[in-house]
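Here is the structure we will look at, set down as structure tokens.
The values are calculated or read from the model by the stated rules, or taken from the named source; none is laboratory data. Quick caveat: nothing in here was measured; it's all calculated off a predicted structure. Counting neighbours? That spans all protein chains shown, and the Cβs are built from the backbone with ideal geometry, glycine included. Heavy atoms of the whole protein, side chains included, go into the accessibility calculation; ligands, DNA and RNA do not. Shrake-Rupley method; radii C 1.70, N 1.55, O 1.52, S 1.80 Å.
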Amino acid sequence: MNKWQGRMKQWVVKQFNLPEDVLFELPRITTIGQLHAYIENHKGLVTFTEKEILLKMKKGYVRLRGENFVLKTMLQEEIIVEGKIREVQYLDE
Amino acid sequence: MKFKQGLFFKGYITFYVEGKRPEIFLNKCLAENIPIWDIRRIKSDKCEAKVHLKHLRDVKKIRRMLGYKISFKDKFGLPFILSKLKIKKPLVVGLFLSILLVFILSNIVWQVKIVGVSPEMEYKIEERLDAYGLKKGIFKFSIGSIDDIERNITNELKDVMWIGIEEKGTTYVVQGVEKTIADKEQDNTPQHLVARVEGNIVRMLVETGAPQVSVDQFVNKGDILVSGIIGQDQSDNEDDDDEKEQDGNQQYVHAEGTVIAETWYTSETTVPLTYQHETLTGEQDNQYRLGIGNLSLPIWDIFAPDYSHTLVEKEEKPLYFLNMKLPFSILKKTIHEKDIIKGERTEKKAIQEGIEQAKRELKKHIDFEAKIIEERILHQTLENGKVKLNIYFRVQENIAVPQPIYQGE
């Protein structure tokens, strides 16, 4: 059932030329230099320290490493991180 | 970032969350859809965050549920300032009221001082001032134009030569100068009556003095009509003052009387065949605005009246605080309805109008007791749509004017 739904969605995305992140709820990460990172479609905050942020995604996790992290905004749909971003890492489950 | 707008008005709180894994607390906030921001990890078990005042209750609910420790660091925004003020409410209200009171009192007329006139005159002037709305206890900005009041009172009160109104803070100083009638004193000084203009004498009524002319006689300007010197030899010595004094029979009197003579005037007038003049219908509309610098805000009667032609009068009255002029002022705009009357007249009508006009003009120059006996058009031309008239008037008027006799001393 789930598999079939996934295939259906993929077909819709292909046919209608829709951005994938909308339908698949994939993380969309925008960074502005090393200063800011906008992370959309997250599923929750796992770890938050000055040096590391671990965010839960629909599938897997995203880890940000850097310095002086401050969460500028925390909303259900997006998180804005400020600080000095060193790396963005995707982790599988 | 809509939720970060208008923070000052909404108010927000900076708080600390303490406990094991504060992320769980933050996640719970996320799940409850409570926007929080500026989150900082301070210690391994302590976070700083900001939340809207209106979400404080929800945050407290989560704390109770999860068992975290919350402490408040800072408050910001208008709601907190207001609640702080609420504690000192009587003080704030009192301060506000007293400022308002001083402001109102600064704009009231406290005293109208009338100086420089007799008590009787003072009463008359006061009465007039009252009628024009300048009296104690009235708002300054409700007074009309001071220049107008000055002019009107000067015109209305015959015994006053001049009135000046000066504004000194909340006091108005009205200065008056009375006419002193000096003629009474000189009633008995010797004088002749002489002709003011040339003319043909019609009637004479001499009370005192010796008449020098008779009815139907033509006199020139400056001729002596009634002499103030009576007694013998007067006719010989009329112009010679030195000799008169030596003559014991002669007496100097205050010549009085009226000499009605026929006089002539010519005047020239032009009357256009098409005319246009404006009259006020009496309909008017007052608009008040609060002026701040070059801007103005409407206070009363925003809508312009539905007049086709208007005459607008503007008045500006500054507002005061104590003796300081505030940058605010009350602007009063009076809009009068105007009628424009256009029309054409025939040449005959134009001539009539011209005669009337000339008569009105003439009456300004002659005595009000004078009678116009005849008017005759001497010359009349029509050019460029205008009738040009030369009118001749025959008038009966009193031509006698006093001329004092100077006795050499």
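Residue-by-condition table, conditions (1) open to solvent by less than 80 Å² (accessible area, probe 1.4 Å); (2) outside the structural domain of residue B:254 (by TED's automatic domain parsing); (3) at positive phi; (4) of a type in the set (Asp, Glu):
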site	(1), (2), (3), (4)
B:363	no, yes, no, no
B:369	no, yes, no, yes
B:375	yes, yes, no, yes
B:382	no, yes, no, no
B:387	yes, yes, no, no
> Does segment B:316-334 include one or more residues that are open to solvent by less than 80 Å² (accessible area, probe 1.4 Å) and of a type in the set (Asp, Glu)?
Replying inline: no
> Of all residues in segment B:13-49, which are facing chain A (nearest Cβ under 10 Å), among the basic types (Lys, Arg) and either open to solvent by less than 10 Å² (accessible area, probe 1.4 Å) or in contact with a strand residue (DSSP E or B) (Cβ under 6 Å, 6 or more places away or on another chain) (or both)?
Replying inline: B:40, B:41
>> What's the number of the only condition in (1) modelled with pLDDT under 90; (2) open to solvent by 70 Å² or more (accessible area, probe 1.4 Å); (3) under 22 Å from residue B:35 (Cα atoms) that residue A:35 fails to meet?
In response: (1)
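Report, by residue number, each residue of segment B:50-59 that is open to solvent by 50 Å² or more (accessible area, probe 1.4 Å) and either facing chain A (nearest Cβ under 9 Å) or in contact (Cβ under 8 Å) with a residue 40 or more places away in the chain (or both).
So the first thing to find is which residues in segment B:50-59 are open to solvent by 50 Å² or more (accessible area, probe 1.4 Å), and the list is B:53-54, B:57-58.
Matches in segment B:50-59: B:53, B:54.
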> What are the residues in segment A:17-32 that are buried (at least 16 other Cβ atoms within 10 Å of the Cβ) and in a strand (DSSP E or B), if any?
Replying inline: A:29
> Could you give every pair whose Cβ atoms fall below 8 Å, whose first residue belongs to segment B:92-110 and is farther than 22 Å from residue B:325 by Cβ, and whose second residue is open to solvent by 60 Å² or more (accessible area, probe 1.4 Å), counting only separations of at least 6 or pairs across chains?
Replying inline: B:92/B:85
> Only one of B:166, B:120, B:126 is touching a residue at least 12 places away in the same chain (Cβ under 8 Å), surrounded by fewer than 18 Cβ atoms within 10 Å (Cβ to Cβ) and not in a loop (DSSP other than H, G, I, E, B); which?
Replying inline: B:126
>> I need the strands (runs of 3 or more DSSP E) fully contained in segment A:33-84, keeping only those with at least 2 residues that are in contact with a Phe, Trp or Tyr (Cβ under 8 Å, 6 or more places away or on another chain), within 10 Å of chain B (Cβ to nearest Cβ) and under 25 Å from residue B:45 (Cβ atoms).
In response: A:45-48, A:52-56, A:61-74
>> Can you confirm whether residue A:14 is open to solvent by 60 Å² or more (accessible area, probe 1.4 Å), without any contact (Cβ under 8 Å) to a residue 40 or more places away in the chain and under 19 Å from the mean Cα position of the chain (by Cα)?
In response: no
> Can you tell which of B:398, B:390 is modelled with pLDDT of 85 or more and touching a His at 6+ places or on another chain (Cβ under 6 Å)?
Replying inline: B:390
